[in-house]
Amino acid sequence: MTTAPPQTSNSVRTPPGVIAAIILFSLAASALICYLVYFHAPTDVSGTHLRSLPLLNAVLNGCCTTALLFGYRFIRTGRIAQHRAAMFTAFVFSTIFLVSYLTNFTLHGETRFNRLSAWWPFYWKLLASHIVLSVFALPMILITFFLSLTGRFPAHKKLARYTFPIWLYVSVTGVIVYIMQAAIH
């Protein structure tokens with residue numbers, strides 16, 4: 001009779017149900033955003049309530065970007081505890097951003113950009129890439145965090161190589177989109 005070798009955190013397989021739940025949650029969040037942007041009538045058509053939410057969203061994206069860059073630097077220099085704190089901070093900023101973003105769309109609807117502007121061709125391409133990558137970023141971020149929190153560090157490191165640049169791009173372009181909307185609108 002042989003016994004199985006003890007499992008270490010490196011050999012523990014991720015339960016497919018957890019990954020499926022994260023993906024379903026991410027799809028539901030994306031569907032909610034799509035509904036709010038394209039089908040939901042804004043509740044504050046006059047735009048008088050919480051008018052500073054887009055600015056808050058840009059600030060939260062900027063703070064997330066800063067935390068991501070610190071987290072990257074910390075992991076590159078082997079400072080694991082600081083990396084973990086920075087990435088958790090980025091996650092908190094992104095979570096608050098998502099709540100604020102949903103609130104903004106519920107109240108105010110979509111921000112219109114002047115299609116006659118010379119910036120329109122650049123803007124819509126930037127916005128499209130931002131939106132598409134944000135849909136992929138959410139489940140990737142959640143799965144990357146799950147892998148880290150459950151001690152699956154080799155899998156975490158492997159996925160983080162893709163998650164980090166996408167998350168960083170979405171955060172940076174979120175700020176650029178806000179600046180362009182504020183300048184042209």
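The values are calculated or read from the model by the stated rules, or taken from the named source; none is laboratory data. A quick note: this is a predicted structure, and the numbers were derived from the prediction, not measured. Note: ideal-geometry Cβ built from the backbone for every residue, glycine included; neighbour counts use all protein chains shown.
Which residue pairs have Cβ atoms under 6 Å apart, sit 6 or more places apart or on different chains, and have a first residue in the stretch 53-81 that is crowded, with 19+ Cβ neighbours inside 10 Å and modelled with pLDDT of 95 or more and a second that is assigned to a helix (DSSP H, G or I) and of a type in the set (Val, Ile, Thr)?
Every condition considered, the pairs that remain are Ala58/Val175; Leu60/Ile96; Asn61/Val175; Thr65/Val172; Ala67/Thr89.
Here are Leu142, Leu147, Leu98: which of them is within 29 Å of Ile19 (Cβ to Cβ), buried (at least 18 other Cβ atoms within 10 Å of the Cβ), in contact (Cβ under 8 Å) with a residue 60 or more places away in the chain and within 12 Å of the chain's Cα centre (by Cα)?
Exactly one residue qualifies, and that residue is Leu142.
Give the residues of the stretch 33-83 that are over 25 Å from Phe164 (Cα atoms) and charged (D, E, K, R), sorted by residue number.
Within the stretch 33-83, Asp44, Arg51 qualify.
Restricting attention to the stretch 160-171, which residues are free of Cβ contacts under 8 Å to residues at least 60 places away in the same chain and surrounded by fewer than 19 Cβ atoms within 10 Å (Cβ to Cβ)?
Hits for the stretch 160-171 are Arg161, Tyr162, Pro165, Ile166, Tyr169.
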